[in-house]
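In what follows, a structure is listed as structure tokens, so that the remarks can point back to it.
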Amino acid sequence: MSYCINPKCPKPADPLNAQNRICRHCGSALFIQGRYRVTGLLGEGGFAKTFEVDDRGTPKVLKVLQLGQSKAVSLFQREADVLQKLRHPGIPRVEAGDYFTFSPRHSTAEVHCLVMQKIEGCNLEEWLNHKQHKPISQRQALDWLRQLTEILREIHSHQYFHRDIKPTNIMLQPGGKLALIDFGSVRQVSGTYLAKMGVGHQGTIIASKGYAPPEQENGHPVPQSDFFALGRTFVHLLTARHPLEFYDAFTDELRWRQAAPHISPELADFIDYLTQRLPGQRPQNTQVILQCLGAIDQAGQKSRSFIVHQKSPKASHHPHPPTLSPKGGKIKARKVFSWKMPLLALSGLVLLPGLAWTQVKIYPYLTSIIPSESPPKFTQSPPKAKIATAAIPVSAPAPISPTKTLAGHSQDVRSVAFSPDGKTLASGSLDGTIKLWDLAKGQTRQTLKADTAPGEMVYSLLAISPDGEILASNSGSRGSIEIWNLKTGKLLQEVQAQTAGVAAIAISPNGDIFATGSPDGTIQLWNLPGGTQINSFSLHIGPVQALAISPDGQTLATGFQNGSIKLSPLNPGNDSSPEDNQGLSHTILVGHVNKVHTVAFSPDGKILATGSADNTIRLWDVATGKLRHTLSNSQGIIYSVAFTGDGDILASGSASGQIQLWNVATGAAIKNLPAHSGLVESVAFSPDGRTLASASTDKTIKIWALP
């Protein structure tokens, strides 16, 4: 048949139109754009009707907008734009030109149309009906969770989030693969958008009851809203009942576990982890989700049991992802928050953990037995170098124990930095606060808090100027930098920096400028303390993961998501950027096979230390770009590195909760410190090199006195 898409046609499904080119009732064209013949109505709901069309022998799907309001048109156009950019077998394909407007006969109103690939199969709600509402198995759940997470990774990597994940929007194709459909609610993530959400602006409310998280129902969705909807979808699939059937209004809990006795406690814990009430309590990127699934699957294959740290099931409980003991014997609980976005460790006094956005960017929280991300492909082979391990120390140094444990943060401590006189330590936490500690007394001197919205992601980057006057921090998801007077604790300036979020900050040795790096690949230079932008540029390699400025202020080291590092000339005094200095040498360091989370220059500027998700540290000769040593201690992902003031010793913090001390000259391991029960997010040496501070996801800071 030929279906008429004119919204005012009195008989659009007239079978007598089958061979016509013009509708018998309204005179509108039935052969749309000279190629599409509408063969039937597939469904309608929301803003649009969906039809099946024949495109010269190929079946496709046509969506026709039923509303003419500007907001509806904007959402419809956004869907078309997003689908043209996304390329994944689990996402309907849209080509350029597939969005167009159609003019019905005798009408001045245009009809907005979008043609896309037809996904064969049935949606998961229909599939459950066909299966007589039999819940899916754990094995099937793990497989489907992986498939959908891979699809979300593609969406989120383009700085979008879906906003309407539920069983009816997930298609099961004949070959057993899943596809995510209905991108009419998709939203682009930007610093501007997150800033508006953070100050109370309400977005378009698109919420499917039972699947949408609280922040989305209140008009403030964020990327982690997709993870909540994913978890609620699997509550439905694992119980074959709608999630709201399990909702207890008196306790604000979803009591669903008793309806899924066939799944392991680890999978149930993971579903609850996805559906935590606040976005900051959920996984922060798809890589974290994939590694959780890998841990659950690995435990099942080895017939091992997980023991997860649990409390009474309150809505405020933060479930921790299951972790395995690296020794393979007794399984123990590890209090680890898994939402890590790519933050970075900086040189000198600036030490930052890895962050990810986006992102988008984003990182793993598990011990070293869990594989890290798939290595990217390089066009050249990594240089060979001697590998030093922690198994054979150079000597047997005296034991080192922490002299103080500083507790006071209510969430993960992400970064620490010493003041130049070594008397004050600044710490940044996921709880949204910066604490200034009096090290002599071991007490908090002052607590600084940036203006963040409830549930807003908190990144907690820190940098202290060499004169000890300025503290720069990034405390929220809005891409802004706060500039504080370190001595008084007064907020001097808030700089609206990277629109895609801030992934790294570094202050120059003379304290006149600071640099910010973003997941969108841009780097910006700002003056201090005024916060006026000096320059903005891109090194055209990809998302920035780490930044450091050399002690002489002439070289910028940038670590990237693909594992590479770039050394670029930097001369901010004449307002030039690395990309402007075309006649000067740029060095690309290739050797890591996964994200570079941290970079730091030695005090003399001759050596660059880099730590990566490939579980190694590399020491590079800055002048030649050659690799000096590869340091590997099998402790897991390296999140932070720091040099002593004389440059003789390097400290590294890793996913295992341990700190490793290294001999910089030889690359040999000196001492291993079993420091924390969680990830070591940041390490920093005092200016005299006699004191080491470490920060962890166990919410504590430890102070170490070195001999």
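As a proxy for reagent exposure, ranking Phe161, Phe31 by other Cβ atoms within 10 Å from fewest up yields Phe31, Phe161.
Pairwise Cα separations in segment 15-117 fall into 5 Å bins from 0 onward with the following percentages, short to long: 2, 12, 21, 25, 22, 11, 5, 2, 0. Global size of segment 656-707: 11.2, 34 Å for Rg and Dmax (C-alpha atoms, Rg to one decimal, Dmax whole). The stretch between Ser137 and Asp55 holds 25.6 nm of extra length on full extension. This uses 0.36 nm per residue minus the Cα-Cα distance. Between Lys71 and Arg93, the modelled label-to-label distance comes to 3.5 nm, taking each label 7 Å out from Cα in the direction of the beta carbon.
Considered as an equivalent ellipsoid built on the Cα gyration tensor, segment 621-707 has semi-axes of 21, 16, 11 Å, the largest given first. Around the amide H of Ile659, modelled in the peptide plane, lie the amide H atoms of Leu673, Ala675, all under 5 Å away and 5 or more residues distant in sequence or on another chain.
Per-residue Karplus couplings for segment 29-44, computed as 6.51 cos²θ - 1.76 cosθ + 1.60 with θ equal to phi - 60°, are listed in order as 5, 9, 9, 7, 6, x, 8, 9, 10, 6, 9, x, 8, 8, x, 8 Hz, Gly and Pro entered as x. Beyond 18 Å between alpha-carbons counts as too far, so tell me which of Lys404/Lys435; Lys449/Lys487; Lys8/Lys71; Lys49/Lys85; Lys60/Lys209 fall in that bin. From Lys404/Lys435; Lys449/Lys487; Lys8/Lys71; Lys49/Lys85; Lys60/Lys209, over 18 Å: Lys8/Lys71; Lys49/Lys85; Lys60/Lys209. Remark: spin-label model distance Leu16-Gln298 equals 6.9 nm, labels positioned 7 Å along the Cα→Cβ axis. In this structure the amide hydrogen of Arg414, modeled in the peptide plane, comes within under 5 Å of the amide hydrogens of Gly428, Ser429, Leu430, none closer than 5 places in sequence on its chain. The Arg690 and Asn485 beta-carbon pair, evaluated with R₀ = 22 Å, returns a calculated FRET efficiency of approximately 0.20. Of the trypsin sites (Lys or Arg not before Pro) in segment 88-182, the ones in a loop by DSSP (not H, G, I, E or B) with at most 12 other beta carbons within 10 Å are Lys131. Karplus-based coupling profile of segment 218-232, in residue order and whole Hz: 8, x, 10, x, 9, x, 5, 5, 4, 6, 4, 5, 4, x, 5, with θ = phi - 60° in 6.51 cos²θ - 1.76 cosθ + 1.60 and x standing for Gly or Pro.
How high is the FRET efficiency from His242 to Ala665, r the C-beta distance, R0 56 Å, rounded to 0.05?
Values: r = 64 Å, r/R0 = 1.15.
Between His242 and Ala665 the formula returns 0.30.
Can you tell me what percent of all Cα-Cα pairs in segment 112-185 are more than 14 Å apart? So the pairs more than 14 Å apart make up 66 percent of the total in segment 112-185.
Each value in this text was obtained by applying a stated rule to the coordinates, not by laboratory testing. Please read all numbers here as calculations on a predicted model, not as lab measurements. Every residue, glycine among them, receives a Cβ derived from its backbone with ideal geometry; neighbour counts consider all protein chains shown.
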